[in-house]
Amino acid sequence: MIHQFDTVIVGSGGAGLYAALEASSRCRTAVLSKLYPIRSHTGAAQGGISAALGNVEEDKPEWHAFDTVKGGDYLVDQQAAKILAEEAVRAVYDLENRGLPFNRTPEGRIDQRRFGGHTRNFGEAPVRRACFAADRTGHMILQTLYQQCIKNKVAFFDEYQVVDLIMDGNTCKGVVAVQLSTGELRILAAKAVLFATGGFGRIYKITSNAFANTGDGPAVCARQGIPLQDMEFFQFHPTGIMGLGILISEAVRGEGGILRNRDGERFMERYTPTLLDLAPRDIVSRAIMTEVRAGKGIRGDRKIDDYVHLDATHLGKETLLTKLPDITSFCKTYLGIDPADAPIPVLPTAHYAMGGIPTDTHGRVVRDGNGTVVHGLYAAGECACVSVHGANRLGTNSLLDLVVFGRRAGQHIGEYVKQIDAPKVSEADGDFARQWIARLTDGKSGPHGGHIREEMQTVMMEKVGIYRNAGDMQAAVNAIQELRARYQSVRVQDTSKHFNTDLLEIIELGNLLDISLITAAAALNRQESRGAHSREDFPDRNDGQWLKHSLAALQDDHVTIGYKPVDVSIWKPKPRAY
Amino acid sequence: MKMTLKIQRFNPENDAQPFFQEYTLDADPNERLLDALMYVKRFQDGSLGFRKSCAHGVCGSDAIRINGKNGLACKTLIKEVIQKDGDSVTLQPLRYLSVQRDLIVDQTEFFTKYRSVKPFLINDEEVAEKERIQSPEERLRFDDTTNCILCAACYSACPVLESDPLFIGPAAIAQAFRFLADSRDRGFAERLPVLDRPEGVWDCENHFECTKCCPRSILITKRINQTKKMIEKHKDSEADDRQKP
C-alpha cells in the first residue's frame, strides 16, 4: 500500500514531535513511530534543559556555547553550538508557554540548577543553568509536545517500524515501514523525510537506554551509503544503578551529591579540583573506572563491575522529595534503599551517542566532507550529529538539542516541500525490505537472535567501552563481523502477521549489529584520546592529526573512513582542564 | 530461583479463545518481571507478544495484570511476586481493552478518552513576560498528576468500567485535573461538557483501585474528587449569578 505525504517524520520523541509541530502547520505531515509517541525515551531524561535565562544568577548564552565546545573537547562545530546556546532561551520560554510545568523560584520564575561542565565566565565556577521539572524534565517535555500535537491535530501512525529509505540518486522520496498491527509493508512517499529515531545504547550490555533504542535511523542511512559521523564517541554516564544501568541523574550531584570510594574519600578532588563532582561526564566516568582499577571500588576487587557510592544522604528528605523524587523512587524500587539514608551504588552506564547521521544546522543530512546535502532527507536529535556535542556531550544539552534542532528541521521542511513536486514511488521501492523480511520468515530453520544479541552487547561493553586499545577494538570488529555473518541465518520463531514483535526484534538486531560494527571500526581508526574516546595506547589529544570529524561508511560489509573539518571559528582549541 | 510464568496467550489469527501457557525459568529475585519476560522471548519462545521500552517505569509500555493486580512488569521485582523456589506468577493483559496479541491490548479507546478532555494548556492570553509567572505553591497543586505516563493500569483496575464502558476512566480525569488546577490554564469551560456528565467524573464511586495500583503514586481518586468539587463550585457560582437581579 502506498501513502502520500509532504513530509514523514520517523520517531516521536522530543525532536520528532517538535519538528512535527512546526511542519504540520505548514504541510501534510505524518509522524511514524514504532512506539506510542509518549513511550519514547525522551521521557526518561531527568535532570534538566540548559538555557542562559539568568533567573537565579548571571548567565550568558556565550558562556553556554563555550562550555559546550570545551565539554566536547573542541570537536564541536562552534557556530552550531552558538545557535544551540542562543536559541535555548527562546526554546525554554516556548516550552513553558506551551504548558511545561517547570519548577519555580520563590518569585515564580523558572528555577535553575547546576549541572556538569556548565560554568560561569568561561570556566570560573559552576553556574545554575539547567531549567528543570523535578527529575522528570524529559517526561514533561515529551508530554508537553505530545499535548501540543494533539491540540494541533498532528497525524500519528503508531507502531510502524521503518525498515528502509526510498532514494533516487541523491534525493530521498520516502520510507518503507512495517505496520506492526497487520504485518503489512507500507510505502510512504514524501517530499521530505526526517529521522528522529533516537539513540542506540542497546549495542552495549549495561545501558540507560530503552529497549527501543536500536539505532534504526542511522542503520538505514548507513545501508543506503550515507556515512555516519563521529561514531567513535559514545558517552558513558558516570552514575547508573549498579548492575541495571538505570540512570541516576547528574542532578543528584547538581544538588550537592558527592561521589565516594571505599575509603569514603571524595575522589573527584584529585581529578578536577575546580568543578569536583560536576566535571563533564567523560572525565567523571574515567575517574570512577580509575578508582575501581586501583582497588578503590566499594568491593575493592578491581573487577569491571565493581562500583562506587553516590552519597546524597546530606541533601535532606525535603530536597530529595521536591527535586529528585523519581531518583528516590528508583532507589527504593530497584535497590531497596532510601537515598536519604544510604549511599547509592553506581557505576558508568552506556548513555548517549554523540555521533550519528551528519546534518547541517537546518537538520539537512550531508553526505560528505564538502557538505553535499542529501535532498529531502533530514535528521534531528540523538540519531543526528550537527555537531553540537563533539567528543562528549554536556548534561542537559541533549534535551536542548532536540527542541532547538527539531524545531529548525521542522521549519526548514515546511519551506522545502513547497518547492518540490510529489515524488513518484512504486511497490518495487519496498523490495529490499520485502526480501529482508522474506528471508527472516521463510520458514527455514535457523538460530534465534537472543545469543547473537548477548554476545554483541558483551563484546561492545568489554572492548569498545570507556578505556580502549587497538587490540581490543580489532577483536571487537572481528567478533561483530562474525556475528553479522551468523545473523544471515537467523529466522523468526513467530510466523504470524499480527503484532509480530519477534520480527521487529530481529530487524532491530540487524540494525544494532551494523551500528556496532561502525562504532567499533571508527573507534579503532581514531588514534588519539578525545572526550569520551579514551585510548590507553594513544592517551593524548592530538589536534595536529585528529582535530577532524570522522565519516564512517558501510561499503560491501566493511567500514571505510573519511573526514570532515571541524568549525573552530570562534574559540581556538586549548587543553581541557577543570 | 526457579519460577513459572503462567501467561495468557491469544493470537487472533489462530486462536478462538485465550489460553494459558507456562514457561519455567531461573530468575534472580532482584530482577524485574520484565527481565523474565525478555528471557522467555529471546531464549524460549519468540512468539510471545508484549510491549516494553524503557524498562524502569517511566514509559508506560508494559502495564499488565500480575496475579490479577495491575502494574508495570518493569517496576515489579521477581521477589515481590515469587516467595519460594518453584512458585508461579500469572500474567494477563489489561482489562476492558480488546486483546490484539497475548499481553498486547488495543489502547485506542483509552487514548480517545484521554484526548476528549483536551489534555493541553488552554490559554490564548499574550504572555506578558518571558515565562508565565507561577508560584511554587501554585505549581505544587497539580504536581502529582504531571507524573502520569498513560500506562492504563488505573483504567484496567477501575471497577466502574465493568458496569459503564463509556466511563472516561481515572487517567483521563487525572489528566484533566492536571490542567484545571494549573494557574496558567483557562480551559475549564471547554472541558466542562466532557467532565460534567455521568460518564465524565460522576461515574466514579471512590473504589480507590486506581490510586492503589498507580505505578507513579498519583492520588488519582483524590484528584477526581477535587475535580468534582471544582465542577460543583462552578455550578453553584453560576446559580448564584442567575439569582442576581
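The values are calculated or read from the model by the stated rules, or taken from the named source; none is laboratory data. For clarity, every value in this text was computed on a predicted model and none was experimentally measured. Ideal geometry is used to build each Cβ from the backbone, glycine not excepted, and the neighbour counts take in all protein chains shown.
Has region B:34-47 got any residue that is in contact with a helix residue (DSSP H, G or I) (Cβ under 7 Å, 6 or more places away or on another chain) and more than 10 Å from chain A (Cβ to nearest Cβ)? Looking for residues that are in contact with a helix residue (DSSP H, G or I) (Cβ under 7 Å, 6 or more places away or on another chain) and more than 10 Å from chain A (Cβ to nearest Cβ), one finds at least one in region B:34-47, hence yes. Out of the residues in region A:531-546 meeting the condition of being touching a strand residue (DSSP E or B) at 6+ places or on another chain (Cβ under 9 Å) and among the polar types (S, T, N, Q), tell me which one is farthest from A:MET473 (Cα to Cα). By that ranking, first place goes to A:ASN542. Of the candidates A:ASP557, A:ASP567, the single residue that is surrounded by fewer than 18 Cβ atoms within 10 Å (Cβ to Cβ) and at pLDDT below 95 is A:ASP557.
Going by what's in this entry, would A:ASP502 be described as free of Cβ contacts under 8 Å to residues at least 40 places away in the same chain and under 29 Å from A:ALA279 (Cα atoms)? The answer is no for A:ASP502.
If you go through region A:142-171 one residue at a time, how many are free of Cβ contacts under 8 Å to residues at least 24 places away in the same chain and of a type in the set (A, V, I, L, M)? Result for region A:142-171: 1. Being more than 10 Å from chain A (Cβ to nearest Cβ), farther than 17 Å from B:ALA157 by Cα and over 23 Å from the mean Cα position of the chain (by Cα), is that true of even one residue in region B:59-78? Checked against the condition, which is being more than 10 Å from chain A (Cβ to nearest Cβ), farther than 17 Å from B:ALA157 by Cα and over 23 Å from the mean Cα position of the chain (by Cα), region B:59-78 yields no hits at all. B:ASP124 passes every criterion in (1) crowded, with 17+ Cβ neighbours inside 10 Å; (2) outside any helix (DSSP H, G or I); (3) more than 13 Å from the chain's Cα centre (by Cα) apart from (1).
The residues in region B:183-199 that are more than 13 Å from chain A (Cβ to nearest Cβ) and either outside any helix (DSSP H, G or I) or surrounded by fewer than 20 Cβ atoms within 10 Å (Cβ to Cβ) (or both) can be counted, and the count is 9. The set of residues in region B:8-33 being within 14 Å of chain A (Cβ to nearest Cβ) and either acidic (Asp, Glu) or closer than 17 Å to B:GLN92 by Cβ (or both) consists of B:ARG9, B:PHE10, B:ASN11, B:PRO12, B:GLU13, B:ASP15, B:GLN21, B:TYR23, B:ASP28, B:GLU31, B:LEU33. Every condition in (1) surrounded by fewer than 21 Cβ atoms within 10 Å (Cβ to Cβ); (2) within 13 Å of the chain's Cα centre (by Cα) is met by B:GLN83 except one, and the failing one is (2).
Okay, residues lined up against (1) closer than 21 Å to A:HIS139 by Cα; (2) more than 23 Å from the chain's Cα centre (by Cα); (3) away from chain B (no Cβ under 14 Å):
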| residue | (1), (2), (3) |
| --- | --- |
| A:ARG39 | yes, no, no |
| A:GLY43 | yes, no, no |
| A:GLY54 | no, yes, no |
| A:GLU57 | no, yes, yes |
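Among the residues of region A:456-511, the one identified as more than 25 Å from A:ARG223 (Cβ to Cβ), more than 14 Å from every other protein chain (Cβ to nearest Cβ) and among the β-branched types (Val, Ile, Thr) is A:ILE466.
Out of region A:121-137, which residues are within 10 Å of chain B (Cβ to nearest Cβ) and either assigned to a strand (DSSP E or B) or surrounded by fewer than 22 Cβ atoms within 10 Å (Cβ to Cβ) (or both)? Answer for region A:121-137, where residues must be within 10 Å of chain B (Cβ to nearest Cβ) and either assigned to a strand (DSSP E or B) or surrounded by fewer than 22 Cβ atoms within 10 Å (Cβ to Cβ) (or both): just A:CYS131. Annotation for region B:222-234: at least one member residue is at pLDDT 95 or above, closer than 30 Å to B:ALA55 by Cα and buried (at least 18 other Cβ atoms within 10 Å of the Cβ).
When B:LEU180, B:LEU140, B:LEU166, B:LEU121 are checked against the criterion of being within 13 Å of another protein chain (Cβ to nearest Cβ), free of Cβ contacts under 8 Å to residues at least 40 places away in the same chain, more than 20 Å from B:ARG65 (Cβ to Cβ) and of a type outside the set (Lys, Arg), a single residue qualifies: B:LEU140.
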